[in-house]
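**Student:** Questions regarding the structure given below will be posed in turn.
Derivation of every value follows stated rules applied to the coordinates shown; laboratory data play no part. None of these values were measured; they are calculated from a predicted model. With ideal geometry, Cβ positions are generated from the backbone for all residues, glycine too; neighbour counts draw on all protein chains shown.
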Amino acid sequence: MEELADPALGSVRVLLKHDDNKARKLRYNLGHPRVLTFGGAYSNHIRAVAEAGRRHGFETIGVIRGEEHLPLNPSLAYAAERGMRLTYLDRATYRLKHTPAVLDRLRETWGDVAILPEGGSNAAAVRGCAELPAEVEADYDVICCPVGTGGTLAGIAAGLPPGKRAIGFSVLKGGGFLVDEVARLQSAAFGRVFENWSLELGYHFGGYARSTPALQAFATKHRVEEVYVAKMLYGILDLVRQGRFPGGTTVLAVITGLPFTGAEPVSG
Ligand SMILES: Cc1ncc(COP(=O)(O)O)c(C=O)c1O
């Protein structure tokens, strides 16, 4: 396990645990011969499902937000090379993607499919992510993760031993709805909402996949992925600066992603 070195930390320690939440979210979702899921044109989840389909031999269909752009960007090309069939929904319809009307239409087109929600966050995904804390050997007080659709935070918090707490950092602007969403996912997976987590909403840097020169410099300095991981780490350091962690606190930051170069495999 690495440790973040930054003079601003004082007596607070920040440990970095590399862990692929995409693989955890998929583990208990596999088993159907045909899987359909949703994502933006740069979605890590879309790539992870495509790679899982290739590896485990099931068909995959990716429903992508917006218009088709050819040639495919490296992220969608990666998915297509792994056999994923890509189809597109205009942005207005995409917003309604989880409604019965849109889902029925997709089933009419694609037949008998298992449908995974955007980001893969459903009850089975939450149960997969809940296995993470038991695998951490280091001692810590607070565990942190980035939040896009909420499944990772919902699971990690549910799997925490007593006395520890989880903080999620929203990468979305207007992420307030995620509080209800994390609670909903915990109820769906475990029949109850846990009280040991909170969400930070102020580190979105303009919204999903948006950035600022300060965040870009931070991501480059720490060599972390910018859409999710840099926002969380920046947020952790800012909370330390604000004195939000008592001296001597050990924070475990879950590094959920690597920068996508178009070449490295995505596990899952
Ligand atoms: C690298 C990375 N980190 C964090 C997340 C956020 O996870 P969640 O959507 O479960 O909140 C995602 C999205 O799936 C991701 O791809």
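**Student:** Working from Cα positions, state the angle (0 to 90°, nearest 10) between the long axis of helix 100-110 and the longest principal axis of the chain.
**Tutor:** Computed tilt is about 60 degrees.
**Student:** Restricting to bridges with both residues inside the chain, how much of the DSSP beta-bridge set is antiparallel, in percent to the nearest 5?
**Tutor:** DSSP beta bridges in the chain are roughly 5 percent antiparallel.
**Student:** Just to confirm the number: angle between the C-alpha axis of helix 229-241 and the first principal axis of the chain, 0 to 90 degrees, nearest 10?
**Tutor:** 20
**Student:** So how compact is segment 19-64: Cα radius of gyration and Dmax in angstrom?
**Tutor:** In order Rg, Dmax, the Cα atoms of segment 19-64 give 9.9, 27 Å.
**Student:** Lys and Arg at +1, Asp and Glu at -1: add these up for the other residues within a Cβ distance under 12 Å of Met84 and post the number.
**Tutor:** +2
**Student:** Next question, about the same structure. Per 5 Å bin from zero, what fraction in whole % of the C-alpha pairs of segment 98-233 is there, up to the bin with the longest pair?
**Tutor:** Histogram of Cα-Cα distances, whole percents per bin: 2, 10, 17, 18, 17, 15, 11, 6, 3, 1, 0.
**Student:** What residues qualify as long-range amide H neighbours of Ala253, i.e. H under 5 Å apart, gap of 5 or more or another chain, H built at 1.01 Å from N?
**Tutor:** Leu15, Leu16, Lys17, Cys144
**Student:** Right, here's the next one. Excluding Ala124 itself, calculate the net charge of residues whose Cβ lies under 10 Å from the Cβ of Ala124, where each Lys or Arg counts +1 and each Asp or Glu counts -1. Before the final figure, lay out each step's value.
**Tutor:** On the way: positive: Lys25, Arg27, Arg127; negative: none.
Neighbourhood net charge equals +3.
**Student:** With θ set to phi - 60°, apply the Karplus curve 6.51 cos²θ - 1.76 cosθ + 1.60 along segment 41-55 and write out the HN-Hα couplings as whole Hz, x wherever there is a Gly or Pro.
**Tutor:** 5, 10, 5, 5, 5, 4, 5, 5, 5, 4, 5, 5, x, 5, 6
**Student:** By the gyration tensor of its Cα atoms, with a ≥ b ≥ c the square roots of the eigenvalues, what is the shape of segment 173-268: rounded for a/c under 1.5, prolate for a/b over b/c, or oblate?
**Tutor:** It is oblate, given that a/c is not under 1.5 and a/b is not larger than b/c.
**Student:** While we're here: Computed over the Cα atoms, what is the radius of gyration of the chain divided by 2.2 N^0.38 Å, N being its residue count? It would help to have the intermediate numbers written out before the result.
**Tutor:** Numbers: Rg = 18.4 Å, N = 268, 2.2 N^0.38 = 18.4 Å.
Here the answer is 1.00, to two decimals.
**Student:** In whole percent, what relative contact order does the chain give with Cα contacts below 8 Å and a gap of six or more residues?
**Tutor:** Numbers: 513 pairs, mean separation 68.0, N = 268.
Reported as a whole number, the value is 25 percent.
**Student:** Also: How high is the relative contact order of segment 30-120, in percent, counting Cα pairs under 8 Å that sit 6 or more residues apart? Walk me through the numbers before you get to the answer.
**Tutor:** On the way: 136 pairs, mean separation 35.8, N = 91.
Taking the mean separation of contacting Cα pairs over the length of segment 30-120, I get 39 percent.
**Student:** From the Cα gyration tensor of segment 74-170, with a ≥ b ≥ c the square roots of its eigenvalues, which class applies: rounded if a/c is under 1.5, or else prolate if a/b is larger than b/c, or else oblate?
**Tutor:** prolate
**Student:** Can you give the charge dipole size of segment 30-120 about its Cα centre, rounded to the nearest 20 debye, using +1 on the beta carbon of Lys and Arg and -1 on the beta carbon of Asp and Glu?
**Tutor:** Details: 12 positive and 10 negative charges, 31 e Å.
So the magnitude is around 160 debye.
**Student:** In nm², what is the average projected area of the convex hull enclosing the Cα atoms of segment 30-120?
**Tutor:** Mean projected area for segment 30-120: 5.2 nm², to one decimal.
**Student:** Nearest 500 deg cm²/dmol is fine: what mean residue ellipticity at 222 nm does the chain get from its DSSP H runs of n ≥ 4 alone, each adding -39,500 (n - 2.57), divided by its residue count?
**Tutor:** So the calculated ellipticity at 222 nm is -10500 deg cm²/dmol.
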